[in-house]
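Participant: What follows is a structure written as structure tokens; I'll ask about it next.
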Amino acid sequence: MTLRVYVTPRMLKWARKRQHMTVFVISRLMGVSVDFIDQWEAGSESPTLEQAQKLASITDVPFGFLFLSHPLSCWHDMRYWWGRLVRLLRCGE
């Protein structure tokens, strides 16, 4: 059984565009078709856990960012959410 994860379509597109990559380039690096990437960014399909992790690595985005509702606007936001994530993992909030 393949584990699919719901990552925010807006964040998938943001991660790709912040690296100035096209859907074609991402599809080649991921080893999937352009149609898959289009479906993920449209929200009609979800990547597997491994695919989402690979996409985060390729786009140099922390994996957890793919689950946010919108891109972080500044470094302050990043530090805030990173701190919350660390506390959550340590304390099980």
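Participant: Does segment 34-61 hold any residues that are assigned to a loop (DSSP other than H, G, I, E, B) and surrounded by 13 or more Cβ atoms within 10 Å (Cβ to Cβ), and which are they?
Facilitator: Quick first cut of segment 34-61, residues assigned to a loop (DSSP other than H, G, I, E, B) only: 43-47, 60-61.
Once the filter is applied, which keeps residues that are assigned to a loop (DSSP other than H, G, I, E, B) and surrounded by 13 or more Cβ atoms within 10 Å (Cβ to Cβ), segment 34-61 yields 43, 45, 46, 47, 61.
Participant: Restricting the first residue to segment 16-27 and requiring it to be under 14 Å from residue 51 (Cβ atoms), which pairs with a second residue that is among the hydroxyl-bearing types (Ser, Thr, Tyr) and open to solvent by less than 30 Å² (accessible area, probe 1.4 Å) meet a Cβ separation below 9 Å and a spacing of at least six or different chains?
Facilitator: Filtered contacts from segment 16-27: 16/59; 26/59.
Participant: Looking at segment 8-16, is at least one residue more than 13 Å from the chain's Cα centre (by Cα), surrounded by 14 or more Cβ atoms within 10 Å (Cβ to Cβ) and either at negative phi or not in a helix (DSSP H, G or I) (or both)?
Facilitator: The answer is no; no qualifying residue exists.
The values are calculated or read from the model by the stated rules, or taken from the named source; none is laboratory data. Keep in mind it's a predicted model, so treat the numbers as computed, not measured. As a convention, Cβ positions derive from the backbone with ideal geometry for all residues, glycine included, and neighbour counts pool all protein chains shown. For the accessible areas, the whole protein counts, side chains as well, though only heavy atoms, and no ligand, DNA or RNA atoms are used. Shrake-Rupley method; radii C 1.70, N 1.55, O 1.52, S 1.80 Å.
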